Amino acid sequence: MKCALHIHTNMSDGFHPPEEMVQSYLEQGFACVAVTDHQFLAKPDYYHRLQLLTRSFSGQIMVLPGIEIDYQPWNYHHLLKIQGRKESLHILCHPRAYCLTPEQVKARIESVPFVVDAIEITHRGFYTPEYNLPEIKLPKVATDDAHELYDIARAWIETETFSDPDRLFRAIKAGEFTVKFA
């Protein structure tokens, strides 16, 4: 199961409608995509549109509703929150964008009052090996953080096939996936 866990649409700062982005991932062989537009830019009907999107692609591709939060205690560092049926998945976004050292990343992860489930080892789909370290004790995911069609399918994860998003989240939290790059 090929999964894109971090994409944007024109419901925030992306350039294309969510339907077009999801369709493009489907055409690239993805079985799962998380729409994670920026919280501070999301349009008022964002969650309603995600529900409609999920229904319209049902049976073709798993569409996961998410949001990219600007976490204020970290000076607005971005954090993904992707929602399943009962569970959610929190991913620390692109630490290279903030020029963080691995020690600063570890300190941020330890400072939050909730669980961070994984960390991106990519920035806009490009590998950032300085965060793929055993001392950062989180599963390391690859994402393309696509904002435009030419951004898609640069980096992703692959897991066994799941029809239940909560089971997918449990596999990701357990590190039961591989990272892939174009």
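The values are calculated or read from the model by the stated rules, or taken from the named source; none is laboratory data. All figures in this text were calculated on a predicted structure; none of them were measured in a lab. Ideal geometry is used to build each Cβ from the backbone, glycine not excepted, and the neighbour counts take in all protein chains shown.
Taken as a whole, the condition of being surrounded by 15 or more Cβ atoms within 10 Å (Cβ to Cβ), within 15 Å of the chain's Cα centre (by Cα) and closer than 27 Å to PRO134 by Cα does not apply to LYS106. Of the residues making up segment 139-160, one or more are surrounded by fewer than 19 Cβ atoms within 10 Å (Cβ to Cβ), among the aliphatic types (A, V, I, L, M) and in contact (Cβ under 8 Å) with a residue 24 or more places away in the chain.
Can you give me the ranges of the strands (runs of 3 or more DSSP E) entirely in segment 65-182 with at least 2 residues that are within 26 Å of ARG55 (Cβ to Cβ)? Step through it out loud before you land on a result.
Numbers: elements: 77-83, 88-92, 118-120, 155-158, 178-181.
Correct list: 77-83, 88-92, 155-158.
Screening ILE91 with (1) modelled with pLDDT of 95 or more; (2) more than 26 Å from PHE15 (Cβ to Cβ); (3) in contact with a strand residue (DSSP E or B) (Cβ under 9 Å, 6 or more places away or on another chain) gives one miss only, at (2). Condition first: under 15 Å from the mean Cα position of the chain (by Cα) and within 18 Å of LYS173 (Cα to Cα). Now tell me which residues in segment 73-86 satisfy that. Correct list: LEU79, LEU80, LYS81, ILE82, GLN83, GLY84. Every test in (1) exposed (fewer than 15 other Cβ atoms within 10 Å of the Cβ); (2) in contact with a Pro (Cβ under 9 Å, 6 or more places away or on another chain); (3) more than 28 Å from MET11 (Cβ to Cβ) is passed by THR178 save one, and that test is (2). Please tell me if SER111 is more than 18 Å from the chain's Cα centre (by Cα), surrounded by fewer than 14 Cβ atoms within 10 Å (Cβ to Cβ), within 29 Å of GLU19 (Cα to Cα) and of a type in the set (Gly, Ala, Ser). When the stated conditions are applied, SER111 does not pass them.
Within segment 2-30, the only residue that satisfies the criterion of being touching a Phe, Trp or Tyr at 6+ places or on another chain (Cβ under 9 Å), within 21 Å of ARG167 (Cβ to Cβ) and assigned to a loop (DSSP other than H, G, I, E, B) is PHE30.
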